[in-house]
Amino acid sequence: MPLVLLALLLAISWQVAGHGPLLRIDDQVRDAIARTDGALPAQTVRPAADHIAQLLSDLGGSLVAIPFLLACSLLSTWRSLRARAPRWWLPVAAAALTSLLIPLLVVPAKAYFARPGPDGLVLLPDQWGWYPSGHTATAAIAYGTSALLLARATVRSGVRTALRAGALLLGTGVGAGLMWCDYHWFLDVVASWCLSGLVLWTLGRLLPRLADRG
């Protein structure tokens with residue numbers, strides 16, 4: 001899985017940097033979304049769909065996702081304290097690390113690729129690009145890390161499965177909302193999903209090892 005995600009991320013980045021033929025997918029997906037949106041009833045379904053898409057997009061903002069992650073880490077830390085775990089502080093440390101990791105990974109990439117958004121406006125010298133999607137990465141990593149931390153604090157397999165499924169749905173929903181609202185290209189979102197998957201895969205294997213060392 002990590003090798004597939006890494007290969008896909010590198011391939012997309014190579015195409016974005018070189019304006020390769022793979023970018024045609026972005027136009028095709030954008031046109032398909034526009035046709036779908038235009039075919040919806042204008043007085044009922046379309047406003048509701050647009051509102052839901054905007055709401056999902058907002059869930060990828062750092063002012064929403066990061067506080068949610070920190071709250072989940074505090075809950076997980078409290079459960080660790082009750083269980084007298086030797087490294088009870090590990091959830092807070094993991095949340096702080098991933099919160100810092102998101103801009104460290106995304107911002108330099110945005111500045112390097114400097115990709116214009118779907119609106120076609122030329123980037124100003126003080127603007128970052130659209131690739132990869134920061135909101136998508138923030139949502140996937142923040143909600144995914146929250147699920148990992150809370151899953152470690154419960155012994156119920158059904159709860160753990162629900163947490164992982166919820167994080168997956170949120171991460172997917174934010175990306176879909178961003179594309180529906182025409183805030184990001186399809187490949188911007190896919191690249192962030194790949195990047196987030198690599199971060200979460202690493203974190204999911206690192207946390208148990210660190211906890212066991214305690």
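Assorted remarks:
- Each residue in the stretch 62-107 was checked for being open to solvent by 10 Å² or more (accessible area, probe 1.4 Å), more than 17 Å from Arg209 (Cα to Cα) and either touching an Asp or Glu at 6+ places or on another chain (Cβ under 8 Å) or small (Gly, Ala, Ser) (or both), and 6 of them qualify.
- Tallying residues that are surrounded by 17 or more Cβ atoms within 10 Å (Cβ to Cβ) and among the hydrophobic types (A, V, I, L, M, F, W, C) within the stretch 45-61 yields 3.
- Subset of the stretch 182-209 (residues that are outside any helix (DSSP H, G or I) and open to solvent by 30 Å² or more (accessible area, probe 1.4 Å)): Asp182, Tyr183, Trp185
Residues are listed down the side, and each one gets a yes or a no for (1) among the polar types (S, T, N, Q); (2) out of contact with any Lys or Arg (no Cβ under 9 Å at 6 or more places or on another chain); (3) within 20 Å of Trp180 (Cα to Cα):
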residue: Val4; (1), (2), (3): no, yes, no
residue: Ala7; (1), (2), (3): no, yes, no
residue: Ile12; (1), (2), (3): no, yes, no
residue: Val16; (1), (2), (3): no, no, no
residue: Leu23; (1), (2), (3): no, yes, yes
residue: Arg30; (1), (2), (3): no, yes, yes
residue: Arg46; (1), (2), (3): no, yes, yes
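- Top-ranked residue of the stretch 33-44 - restricted to ones that are of a type in the set (A, V, I, L, M, F, W, C) and surrounded by 12 or more Cβ atoms within 10 Å (Cβ to Cβ), ranked as farthest from Tyr183 (Cα to Cα): Leu40
- The residues of the stretch 1-21 that are touching a residue at least 40 places away in the same chain (Cβ under 8 Å) and either surrounded by fewer than 12 Cβ atoms within 10 Å (Cβ to Cβ) or under 15 Å from Cys194 (Cβ atoms) (or both), listed by number, are Met1, Pro2, Leu5, Leu6, Leu8, Leu9, Ile12, Ser13, Gln15, Val16.
- Sole residue being among the hydrophobic types (A, V, I, L, M, F, W, C) and buried (at least 24 other Cβ atoms within 10 Å of the Cβ), chosen from Ala151, Ala137: Ala137
- Whenever a residue of the stretch 157-176 is under 21 Å from Gln54 (Cα atoms), it has no partner that is loosely packed, with under 15 Cβ neighbours inside 10 Å and among the polar types (S, T, N, Q) lying with C-beta atoms less than 9 angstrom away and at least six residues away or across chains.
- Qualifying residue in the stretch 86-95 (condition: within 18 Å of the chain's Cα centre (by Cα) and under 24 Å from Leu8 (Cα atoms)): no
- Comparison of Thr154, Thr161, Thr136 shows that the only residue that is under 23 Å from Ala11 (Cβ atoms) and among the polar types (S, T, N, Q) is Thr136.
The values are calculated or read from the model by the stated rules, or taken from the named source; none is laboratory data. Since this is a predicted model, take the numbers as computed values, not measurements. Every residue, glycine among them, receives a Cβ derived from its backbone with ideal geometry; neighbour counts consider all protein chains shown. SASA here: full protein model, heavy atoms, side chains in, ligands and nucleic acids out. Shrake-Rupley method; radii C 1.70, N 1.55, O 1.52, S 1.80 Å.
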